[in-house]
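Asks: One structure, pasted below without further comment.
The values are calculated or read from the model by the stated rules, or taken from the named source; none is laboratory data. Quick caveat: nothing in here was measured; it's all calculated off a predicted structure. Positions of Cβ are backbone-derived with ideal geometry, glycine not excepted, and every protein chain shown enters the neighbour counts.
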Amino acid sequence: MSKLNATDIQGFVLRGYNMPYARYCFLHFTSAPNARALMRELLGVITTGQLWDQGKPQSTVNIAFTHKGLVSLQLPLATLITFPVEFQLGMKARGGILGDTGINGPEHWDNLWQDDSEDAEVHAWLAIHALSQEVLEDRFVYLQALISQTESAQILDTQDAAALVEGGKVTLKEHFGYTDGFGNPDYLGVCRSTQPGQGKLMPDGTWQPLATGELLLGYADEAGELPVAPVPHILAANGTFMVYRKLHQNVATFRRFLDSWSSRYGAGDAQAREKLASKFIGRWRDGTPVEVSPDAPDPTLTQDPNRSTNFTYSNDAAGTRCPVGAHIRRVHPRDAFGFEGRLINRRRITRRGLPYGPYLPEDAQFDELTDKTDRGVAFMVLNASISRQFEFVQQQWINYGNDAHQGNEKDLLLGNHGPGEKYVIQGDRNAANPPLICANLPNFVELRGGDYFFIPSITALGLIAMNLVDPR
Amino acid sequence: MSNINGKVYAMNAITPMRTWKTWILRLVFFILWNVKPLQNDLINLSFIQFARWVIIPRDKFPFVGAPQRAESLKYDYLLFFSNFNGTWNQYIDAFSAVLSKGLDLIWRWSEKFPGSTPVTIFKEYIARVQFDTDYYYTAYPNATANDVKAAHVVQQSFDTLIDRAAGMTPEQFQAAYLDFVISVQAHLGDTGEAPVVF
Amino acid sequence: MGNQNGKVYGLTLLCPILEDDRATPSHDLQIRYYLAQLSTGPESPFTRSSSTHLARLVVMDDVVYVGAPACEEHLNSKYLIFETNCDSDLDGYMTELAQTIPDTLDQIWQHCTGYPGTRDLSAFLRYMRSCQIETTFFFAATNDKNRNETLAALQTQRSVAEFITAHQGMDPAQLQREFVAFAGRLKSAPLPKPAVFPQSAERSIQTGGHNE
């Protein structure tokens, strides 16, 4: 395959920045020519995928557009209608597919996402990542100035996010206490080094990177063809699609649930509590994969990239090490469906994101009001096809269980649970690893809004800025 | 009037075949039927409840007599009926990803078959040769092939336990019950509504 | 090979539909309209056939033209296709249908050429046999359980899941007592109704098209 031109691809697509502060600004364009002027200014500012061998910058800036945003920028109609159906409809219209109903329905979303009126349409996502809060604010002020100088847009709202700090140290944890950031897929040409377990499984048991076209438009994908993409080719190539979801977390509900069921699990002690938490996700809260180390967390495992995601489920068909419905087993089944993993290679997604809201220490008091505090994760997914990748995983593997042989049952943490739903933890005769059925699952995570975005290449951004998009 | 009933999808497809190629296909099916391991992949793609291929030779369309006009055709026809779980796209994606050789072996004898990989052109062909179901009935619309298999595992384990349950001491029963739970613990998925079609 | 796979039978019928220019609407359309309003749920006539797992009725208008260089040709009749996955062979199965849902059969098949009705069973079976096409290859995921056994197993699965969930951590003697009582209740429970699906709120069908 051809070597990737990292200077043409936005940096956010190619790597997680590992910067602990972020602000996501949501823009509404007020004038197409002025918005294009803003794009011209931003062209010099947008962070590309070039490697930081010379040193990490203090901050980064990236941009993405909703379909409505592309419409407001006056892209030709013939181009606009070639974008995938789900992107044209937007995330709100796809609610039935995603399980964004009931408590996850738009009536409960933040005003930014709920407001349907024409001048409240979200057109663009402008993301600042930074190494410190001060740098973040500086950058924001700079971008605000650009926007007001060009009289191009309104900042409808912003979403701040920041890594959780525990005991003075920046962590990779999210609000339920799990260490995040494992298992993003490796793609051919994208990563300098690959990690066993992240790409696709080969018949000889080794792992190879996934086809580039699973992430980037314009490259061969796992089906041996170029992914369906909008025209013209030059607009789509080196671009990708992004799903943005603001996921509220009910920390009190989670802690109460964990407390109540861990008293009934094994010895019912603190160790059992951590083990139970590990059985929900498939990783201990420090990130140790349960499949490799079911009895205790193991920091040497998590810190070794050759081992931290290097496992399969073929020796655990019964689910006694990692439960069959555990989160990571659901979203990355590896070889669990047989066929040497070939059924899942086109269902992988790249995840980015940061927590938002105040950190609640593990030993802090909590009550019903705690769930009302605005905290959760600003969650982003990158994939070449939103419907084939993200929507499929969300509908078929999170909010449904047939492929995992679990009937209608949902992912414990992320599922939109109806009354009386359950989660089965398979066990064995060992008293420290008994079977347990957690019943009456509450909703631990609630959706507060989001949408579907197109992250253009630098070339495509330039075409948009110069109003030169030509669908031929 | 839908192809879908609960969790199962009724696909109907018809493709023309030159008559000399039909014999090769019959041989393919004969081998597939008698060499059981070849069917393993089909079994392991566990989202098909029932499926059938029906070859109709050009002169074997049922003729019940006047006033029906007999057929006079050039091609034999291959009819395909599938009852599968999941979406149309998911189904074809899965077959194209893991069973492309088998699919090709069956359909390459049909006119204008483009091959089962890459998938987008394959999907276009299927859309052209697929026709819609007028009435679709299933006795268990809220259960997939996986659910049915799981249910039978549970039934069998349950029957075995109750035969012995009453005659045991409580301690014996507790051990037997734990064994029972372990034998069914991966097969207790709730059945119910199908995901929204898209 | 052919129609039988384990205990399950794959019956395929192609019944030529009456051609009559004077019929308005035409006979194939009349079958379509009838089938469109026939219930596919618990009120379906097929629930009364204890040997039907999955069945479909399709009006096939014509063969397909796949495009040049293939030749274009057409059928002289339209056909009603009846594809069913059932627990008995043609004679047993069609006899059961003729005895349990004769009116439904007549309503549909009256539009087919040469259909003699259900009153004369042997003529009826002769007609159906003349419309049968041998299934060339028949695949069944579960081929050793009949319809009633499957319905019962699904009920057992649900009830067992509920029992296990509600009886966790119980002392052995009580657990045993309650299990034996539960087993008794389950054994004497009536066969669950076929073709029942849960009530749901309004479900919209959203298009994904081919660019998925």
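Asks: I'd like to check something: does the stretch C:68-77 contain any residue that is buried (at least 19 other Cβ atoms within 10 Å of the Cβ) and not polar (S, T, N, Q)? Quick ask: steps written out before the conclusion?
Replies: If we filter the stretch C:68-77 for residues that are buried (at least 19 other Cβ atoms within 10 Å of the Cβ), which is where we start, we get C:77.
Subsequent filtering for residues that are not polar (S, T, N, Q) retains none.
Checked against the condition, which is being buried (at least 19 other Cβ atoms within 10 Å of the Cβ) and not polar (S, T, N, Q), the stretch C:68-77 yields no hits at all.
Asks: Still on this model: Answer with yes or no whether A:Gly224 is at pLDDT 95 or above, touching a helix residue (DSSP H, G or I) at 6+ places or on another chain (Cβ under 9 Å), among the small types (Gly, Ala, Ser) and not in a strand (DSSP E or B).
Replies: Values: at pLDDT 95 or above: no; touching a helix residue (DSSP H, G or I) at 6+ places or on another chain (Cβ under 9 Å): yes; among the small types (Gly, Ala, Ser): yes; not in a strand (DSSP E or B): yes.
Criteria not met by A:Gly224.
Asks: Follow-up. List the helices (runs of 4 or more DSSP H) that sit entirely inside the stretch B:115-198 and contain at least 2 residues that are more than 30 Å from B:Trp53 (Cβ to Cβ) and charged (D, E, K, R). Spell out how you get there, then give the answer.
Replies: Values: elements: B:119-129, B:145-165, B:170-184.
Here the list reads B:145-165, B:170-184.
Asks: OK, next. Here are C:Ala161, C:Ala98, C:Ala123: which of them is surrounded by fewer than 19 Cβ atoms within 10 Å (Cβ to Cβ) and without any contact (Cβ under 8 Å) to a residue 40 or more places away in the chain?
Replies: Numbers: C:Ala161 fails: surrounded by fewer than 19 Cβ atoms within 10 Å (Cβ to Cβ); C:Ala98 fails: surrounded by fewer than 19 Cβ atoms within 10 Å (Cβ to Cβ).
C:Ala123 is the lone residue from the list that is surrounded by fewer than 19 Cβ atoms within 10 Å (Cβ to Cβ) and without any contact (Cβ under 8 Å) to a residue 40 or more places away in the chain.
Asks: Looking at the stretch A:368-411, which of the residues that are of a type outside the set (Phe, Trp, Tyr) and in a strand (DSSP E or B) is nearest to A:Tyr24 (Cα to Cα)?
Replies: Going through the stretch A:368-411, the residues of a type outside the set (Phe, Trp, Tyr) turn out to be A:368-378, A:380-389, A:391, A:393-396, A:398-399, A:401-411.
Now restrict to residues that are in a strand (DSSP E or B): A:376-378, A:380-383.
Details: A:Gly376: 15, A:Val377: 12, A:Ala378: 9, A:Met380: 11, A:Val381: 14, A:Leu382: 16, A:Asn383: 19 Å.
Filtering first and then ranking leaves A:Ala378.
Asks: Surrounded by fewer than 18 Cβ atoms within 10 Å (Cβ to Cβ) and either closer than 30 Å to A:Glu41 by Cβ or not acidic (Asp, Glu) (or both): is that true of A:Val228 in this structure?
Replies: Details: surrounded by fewer than 18 Cβ atoms within 10 Å (Cβ to Cβ): no; either closer than 30 Å to A:Glu41 by Cβ or not acidic (Asp, Glu) (or both): yes.
Considered against the rule, which asks whether it is surrounded by fewer than 18 Cβ atoms within 10 Å (Cβ to Cβ) and either closer than 30 Å to A:Glu41 by Cβ or not acidic (Asp, Glu) (or both), A:Val228 comes out as no.
Asks: Further question on the same structure: Can you tell me which residue among A:Ala432, A:Ala439, A:Ala404 is of a type outside the set (Lys, Arg), under 30 Å from A:Gly268 (Cβ atoms) and buried (at least 20 other Cβ atoms within 10 Å of the Cβ)?
Replies: Details: A:Ala432 fails: buried (at least 20 other Cβ atoms within 10 Å of the Cβ); A:Ala439 fails: buried (at least 20 other Cβ atoms within 10 Å of the Cβ).
None of the others qualify; the one that does is A:Ala404.
Asks: In the stretch B:65-89, what count of residues is obtained for those that are more than 19 Å from C:Glu83 (Cβ to Cβ), within 8 Å of chain C (Cβ to nearest Cβ) and among the hydrophobic types (A, V, I, L, M, F, W, C)?
Replies: 2
Asks: Among residues belonging to the stretch C:126-156 that are in a helix (DSSP H, G or I) and touching a Leu at 6+ places or on another chain (Cβ under 7 Å), point out the one that is surrounded by the fewest Cβ atoms within 10 Å (Cβ to Cβ).
Replies: So the first thing to find is which residues in the stretch C:126-156 are in a helix (DSSP H, G or I), and the list is C:126-131, C:147-156.
Those still in the list that are touching a Leu at 6+ places or on another chain (Cβ under 7 Å) too: C:128-129, C:131, C:148, C:151-152, C:156.
On the way: C:Met128: 24, C:Arg129: 13, C:Cys131: 25, C:Asn148: 15, C:Leu151: 23, C:Ala152: 21, C:Thr156: 24.
Taking the candidates together, the pick is C:Arg129.
Okay, residues lined up against (1) more than 19 Å from A:Pro355 (Cβ to Cβ); (2) within 21 Å of the chain's Cα centre (by Cα); (3) surrounded by 19 or more Cβ atoms within 10 Å (Cβ to Cβ):
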| position | (1), (2), (3) |
| --- | --- |
| A:Pro289 | yes, yes, yes |
| A:Val292 | yes, no, no |
| A:Gln303 | yes, no, no |
| A:Pro323 | yes, no, yes |
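Asks: How about the stretch C:48-64: which of its residues are more than 7 Å from every other protein chain (Cβ to nearest Cβ) and either within 30 Å of C:Thr142 (Cα to Cα) or assigned to a helix (DSSP H, G or I) (or both)?
Replies: Step one: filter the stretch C:48-64 for residues more than 7 Å from every other protein chain (Cβ to nearest Cβ), giving C:48-51, C:61-62.
C:Arg48, C:Ser49, C:Ser50, C:Ser51 - these are the residues of the stretch C:48-64 that are more than 7 Å from every other protein chain (Cβ to nearest Cβ) and either within 30 Å of C:Thr142 (Cα to Cα) or assigned to a helix (DSSP H, G or I) (or both).
Asks: Consider the stretch B:114-124. How many of its residues are surrounded by 21 or more Cβ atoms within 10 Å (Cβ to Cβ) and touching a Pro at 6+ places or on another chain (Cβ under 9 Å)?
Replies: Residues that pass the stated criteria total 1.
Asks: Another question, if that's okay. Filter the stretch C:147-181 down to residues that are more than 9 Å from chain B (Cβ to nearest Cβ) and touching a strand residue (DSSP E or B) at 6+ places or on another chain (Cβ under 8 Å), then give me how many there are.
Replies: Within the stretch C:147-181, residues that are more than 9 Å from chain B (Cβ to nearest Cβ) and touching a strand residue (DSSP E or B) at 6+ places or on another chain (Cβ under 8 Å) number 1.
Asks: Additional query: Pick from C:Gly67, C:Gly41: which is facing chain B (nearest Cβ under 9 Å) and without any contact (Cβ under 8 Å) to a residue 24 or more places away in the chain?
Replies: None of the others qualify; the one that does is C:Gly67.
Asks: When the stretch B:132-166 is examined, which residues are found to be acidic (Asp, Glu) and either buried (at least 21 other Cβ atoms within 10 Å of the Cβ) or facing chain C (nearest Cβ under 7 Å) (or both)? It would help to see each step written out before you state the result.
Replies: Residues of the stretch B:132-166 acidic (Asp, Glu): B:132, B:134, B:147, B:159, B:163.
B:Asp134, B:Asp147 - these are the residues of the stretch B:132-166 that are acidic (Asp, Glu) and either buried (at least 21 other Cβ atoms within 10 Å of the Cβ) or facing chain C (nearest Cβ under 7 Å) (or both).
Asks: B:Val54 - would you say it is within 7 Å of another protein chain (Cβ to nearest Cβ), surrounded by 13 or more Cβ atoms within 10 Å (Cβ to Cβ), of a type in the set (A, V, I, L, M, F, W, C) and touching a Cys at 6+ places or on another chain (Cβ under 9 Å)?
Replies: Details: within 7 Å of another protein chain (Cβ to nearest Cβ): yes; surrounded by 13 or more Cβ atoms within 10 Å (Cβ to Cβ): yes; of a type in the set (A, V, I, L, M, F, W, C): yes; touching a Cys at 6+ places or on another chain (Cβ under 9 Å): no.
No.
Asks: Also, quick follow-up: Please specify each residue of the stretch C:70-85 satisfying the condition of being closer than 19 Å to C:Tyr127 by Cα and facing chain B (nearest Cβ under 10 Å). Walk me through it before giving the result.
Replies: Filtering the stretch C:70-85 for residues closer than 19 Å to C:Tyr127 by Cα gives C:77-84.
Residues satisfying the conditions are C:Ser77, C:Tyr79, C:Leu80, C:Ile81, C:Phe82, C:Glu83, C:Thr84.
Asks: Within the stretch C:188-198, identify whether any single residue is within 18 Å of A:Ile437 (Cα to Cα) and either out of contact with any Lys or Arg (no Cβ under 9 Å at 6 or more places or on another chain) or part of a loop (DSSP other than H, G, I, E, B) (or both), and answer yes or no. Step through it out loud before you land on a result.
Replies: We begin by selecting, within the stretch C:188-198, every residue within 18 Å of A:Ile437 (Cα to Cα); these are none.
No.
Asks: Could you check, for the stretch A:386-394, whether at least one of its residues is within 12 Å of chain B (Cβ to nearest Cβ), buried (at least 23 other Cβ atoms within 10 Å of the Cβ) and either basic (Lys, Arg) or on the phi > 0 side of the Ramachandran plot (or both)?
Replies: Yes; the residues of the stretch A:386-394 include at least one that is within 12 Å of chain B (Cβ to nearest Cβ), buried (at least 23 other Cβ atoms within 10 Å of the Cβ) and either basic (Lys, Arg) or on the phi > 0 side of the Ramachandran plot (or both).
Asks: Consider the stretch A:98-137. How many of its residues are among the acidic types (Asp, Glu) and free of Cβ contacts under 8 Å to residues at least 60 places away in the same chain?
Replies: Narrowing the stretch A:98-137 to residues among the acidic types (Asp, Glu): A:100, A:107, A:110, A:115-116, A:118-119, A:121, A:134, A:137.
Add one more test, that the residue is free of Cβ contacts under 8 Å to residues at least 60 places away in the same chain, and what stays is A:107, A:115-116, A:118, A:134, A:137.
The number of residues fulfilling the criteria is 6.
Asks: Does the stretch C:86-109 hold any residues that are more than 14 Å from chain B (Cβ to nearest Cβ) and either part of a strand (DSSP E or B) or closer than 21 Å to C:Leu18 by Cβ (or both), and which are they?
Replies: C:Met94, C:Ala98, C:Pro102, C:Asp103, C:Asp106
Asks: Still on this structure, please answer the following. Based on what the data block shows, is B:Ile24 surrounded by fewer than 20 Cβ atoms within 10 Å (Cβ to Cβ), more than 7 Å from chain C (Cβ to nearest Cβ) and modelled with pLDDT of 95 or more? It would help to see each step written out before you state the result.
Replies: Values: surrounded by fewer than 20 Cβ atoms within 10 Å (Cβ to Cβ): yes; more than 7 Å from chain C (Cβ to nearest Cβ): yes; modelled with pLDDT of 95 or more: yes.
Spelling it out, B:Ile24 is indeed surrounded by fewer than 20 Cβ atoms within 10 Å (Cβ to Cβ), more than 7 Å from chain C (Cβ to nearest Cβ) and modelled with pLDDT of 95 or more.
Asks: Being away from chain B (no Cβ under 13 Å) and touching a Phe, Trp or Tyr at 6+ places or on another chain (Cβ under 7 Å) is the filter here, so list the residues in the stretch A:307-326 that pass it.
Replies: A:Ser308, A:Thr309
Asks: Tell me which of these B:Ile43 doesn't satisfy, since it passes every other one: (1) modelled with pLDDT of 95 or more; (2) surrounded by fewer than 20 Cβ atoms within 10 Å (Cβ to Cβ).
Replies: For B:Ile43, the failing item is (1).
Asks: Next question, about the same structure. What about C:Tyr93, is it modelled with pLDDT of 95 or more, surrounded by 21 or more Cβ atoms within 10 Å (Cβ to Cβ) and either out of contact with any Lys or Arg (no Cβ under 7 Å at 6 or more places or on another chain) or not assigned by TED's automatic domain parsing to the domain that holds C:Asp21 (or both)? Steps first, please.
Replies: Numbers: modelled with pLDDT of 95 or more: yes; surrounded by 21 or more Cβ atoms within 10 Å (Cβ to Cβ): no; either out of contact with any Lys or Arg (no Cβ under 7 Å at 6 or more places or on another chain) or not assigned by TED's automatic domain parsing to the domain that holds C:Asp21 (or both): yes.
Answer is no for this residue.
Asks: Within the stretch A:155-171, count every residue that is touching a residue at least 60 places away in the same chain (Cβ under 8 Å) and either under 27 Å from A:Phe65 (Cβ atoms) or assigned to a loop (DSSP other than H, G, I, E, B) (or both).
Replies: Matching residues across the stretch A:155-171 total 10.
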